Each structure stands twice: as C-alpha cells, then as structure tokens.
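See structure below.
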C-alpha cells in the first residue's frame, strides 16, 4: 500500500468523514490500490449491524430509511446509509435521488449518506457495496443501512450483504404480492407494509400473512431463507434456544410452531409520520438476536465470505483470461471467425483455456512434488 | 450571455467518464430561499445524459447541508444554482464549509443563475471556478465540466 493510501486509511480510522468518502470512491472506481485498502479495512470490521431495505419504486424506502436513521440517532447510535439507484445502461449517467428524501438527519454528520449507482458493471456492484459497508464499519458506524430497488438478481445479491433484510410492500399491491413470491419473499426477514394509513393496507397485511402461512406449511417461502442453515445441518442443534425470540414477535403469525425457523413479522408503518418505526426497529433487533442465538449468524457470515472469495477469484481469473484472449488475437477477430463459419465458440474456448489448464496442472504437480521433497 | 471561465487552475484536461469505472460525480444544489429549480432540473438531466452521476439536493437547503452532501458523496463537481440574489452570503458559507472538511481544493465549484457582473470577481476569489449565467448552452457547461473536473 502506498503512503497516500496509508494516510487515507489512518484518517478514516481516526474518524475523518472526507477520508471515508474518498475510500468509498476508490472502492467504487476500483482505483489502483483499492484492494490493499479494503484488505486492511477487514481487521477493523465486524461491529456494525447491517440492514438491507428493498421494495418496489415508490414504496417509501428512502423516507423510511430517513426515519430509521433519525430514530437510531435519538438512541445515540451512528448510522451509515448506502443508497443505490439505477444508472443508464447507455450513457452510464444517473440521477441519484434518494438523498432528497433524507431530510430529518441532514446537517448531522453522524449520519453518513452515500449514493451509489449501478454502473452496469458485471455483478461488480454487490462487491463494491460489500466493500463500502466494510469501510463504514471500520469507520465505526453502529448501524449500516443498504437501500436498493428490489428489481432483479443484482439487487437481491446486494441486499444479501446485509444481516437482516426488510422488504417494503405498499398497500393495494393486490396481485403484485403474488409476484413478490418469486425471489423477494425468500429474502425478507421482516415485511413492512408502508403507507399503512392508506386504503387496502389491511388487505395487504392479510395477503402477506396468508402467503407466509402457505409458505410455512409447504416448507418453502417463509422458511426458505434459512436454506443455508438447513443445508449445513446445524439447524437441529440449536432447537429451542430461540423459541422465546420468535414467539413474541407481535406482527408475526402466531402459529410459528417450528421454533427453529424465523417467521418474518409484518410491520405496518407510515414513514412520512414516523408511525410504526419503533416497532420496526424492535423487529430488526429481534431478528438480529435470533440470528446470533440460533447460530445462523455465524453460518450466514461464513457463507457471505465464501461468496466474496468466489467473486473475487472469478473476477481475477476473468481478467487473466481477458489477457489470454487478447494474445489469442482479440475477441473481435475470434468472433468474426465464428461468424464466417471458420470455427465455433466452443472450439475457441477450448483453445484459449487449454494452455491455462496445462499451467495449472503443472503447478499442481510442482506443489505436490515440493510436498514430497520436504 | 457569455460565461466566464477560469483557466488558471486547470492544468491537465483529462478524459473523464471513461476508463476503469471512473465516472464524474456532481452535486446539483439549490440553496436558501429560492424555489425556482427548473434550471437545476434541466442541468441534472443533461449531466445524467452526458454520463455523469448526479445527486440533486432538493430545494431550500442550508449551506451546511450542501457541504455535508458534497463531502459525503465525494463529488468532483458542485454546481450551485442561485436565483435569489443571495449568492454573496451563501456561496462563501459553502466554500468555508468545504474548507473545514478539506474538500475545497479538489472540488470544482460552479455557480449558475442570475449573478450580476459586478459580483462575479468576488465569487471567483472565493474559489468558484466558473459562473454560468442565463443563456449559457448546456453543451458549454458539460464541456467545461469534462475539461476541468479534478483529477484525483
């Protein structure tokens, strides 16, 4: 790490806002040296609660996040917010508008709001988000909130960076609750029916409840996000420890008889007035203690790191292969060869990869030999 | 009407907005008691279409709030739109705030709106890089940002 980056890191750890902002920029830009910076950050992380908030456009995410931050501040906790907005796939430009809604905490530097755009990078946003969370964590933020529009796989990956995910459902969604079943349902740890003073709120709550019941009965849906737990086979060992936690969720269906599972509670809020925000915070905290008590948290964190390692390696190998592709004559030429019928993509992939695979197996042999020699 | 451009501090025009993930970040700000934001909207939209990342502050912000946003978002460019005539009190407050967080040096500060000719030198002295009055073409503004956005 060069001296400038070291200074920047020291400044961040000392609590300089500018340094935090600059490091997040480096992470976003993948500026030279950002990797060393992030790897240095790791030693200082692990103290923040990370909350993901997602929902359809106009569901009231930014307003709710604003109220959430305000309430945390009243409790004396510092807050970091990462607000993600889409960018144009054509120009790369973006208008990042979430900040406008965050007026309650404005002027309070202990709420650090950072807008990020989905720069159309190949799955890179979830890595960048995770790294930005690390930076805020190392800075000493108590609560970190990631806000994103829940539209696709990319966003699902992003909110997975969080320990607890809240999904906002506006009232009158009607049939759109049905569409929520795919994808969004599985990631929700807490459901929030925002704008609860509007017509149709009760019905939306009811629909969600029904959906959760069906999910619980057939063994997917509400329980689906604990797939990790079940797969690892650790679920059974923690039976009973968390019973009290999941029982006193006031919003949750009361027949959550499988004590090992977290039944996502449904919270009603009116974000513009701040109604229900306290209950929401209680549910977030309840979920956090459920995670810790049941041992799911460790598993979740482990999975997240496994995914991070994989993603990093994939990016690196990808870069190596791009070089290889370049030396094989550039992808355009190869594509042209396919177009004119000289060859096909599979043959090319094979040709490009064979030398790499050969190198790897040679390296393996050397490693094995080294082991034998010693 | 012509816009004045300060060429002294801008040494290395660079190709921004392309290359490895680098994108010019701008904060478009409305300060004080000034409810006219059509211009700010048009600029935001034009910047977006030029490939910049734009954060719009919303109306009626205090100088402190603008400083907070500019620092946290680590913007390359801060465009302040003022049509109320209060530029000579508001702009210096923002510049002082940026100074406090060490952000004054490498933020390109632009002012747009109705700024009388006689007030301009003072704003330039405060550190404003350029002032764009009514009638400035959008292309001109974008070109100026591309050429002068700070290299970091």
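Read-outs throughout are calculated quantities, based only on the coordinates presented, and are distinct from any laboratory measurement. Keep in mind that what you see is a predicted model, and the values were worked out from it rather than measured. With ideal geometry, Cβ positions are generated from the backbone for all residues, glycine too; neighbour counts draw on all protein chains shown.
Miscellaneous remarks
- Theoretical gain in end-to-end length, residue A:45 to residue A:1 [0.36 nm per residue, Cα-Cα removed]: 13.9 nm
- When peptides A:186-198, A:353-365 are ranked by their average number of other Cβ atoms within 10 Å per residue, the highest-first order is A:186-198, A:353-365.
- Estimated at 0.36 nm per residue, the fully extended path between residue A:198 and residue A:325 surpasses their Cα-Cα distance by 40.0 nm.
- Per-residue mean of foreign Cβ neighbours for B:64-76 is 6 (Cβ atoms of other chains, 10 Å radius).
- Put the Cα centre of the range B:55-71 next to the Cα centre of the range B:99-114 and the gap is 12 Å.
- For the range A:298-347 versus the range B:124-152, the spacing of their alpha-carbon centroids is 41 Å.
- Put a dot 7 Å past the Cα of residue A:313, heading toward its Cβ, do the same for residue A:342, and the two dots end up 3.5 nm apart.
- Note on the range A:309-373: percent of Cα-Cα distances in each 5 Å bin, starting at 0 and stopping at the bin with the largest distance, equals 4, 15, 18, 19, 17, 12, 8, 4, 2, 1, 0.
- Shape call, the range B:17-148: gyration tensor on alpha carbons, a/c limit 1.5: rounded
- Förster radius 35 Å - calculated FRET efficiency between residue A:301 and residue A:356, Cβ distance, rounded to 0.05: 0.60
- Peptide A:14-23 has a mean shielding of 4, counted as Cβ atoms of other protein chains within 10 Å of each residue's Cβ.
- Using a simple spin-label model with pseudo-atoms 7 Å out from Cα toward Cβ, residue B:86 and residue A:368 lie 7.6 nm apart.
- 222 nm mean residue ellipticity, helices alone, for chain B (DSSP H n ≥ 4; -39,500 (n - 2.57); rounded to 500): -10500 deg cm²/dmol
- Shielding score for A:273-283, defined as the mean number of other chain Cβ atoms within 10 Å: 0
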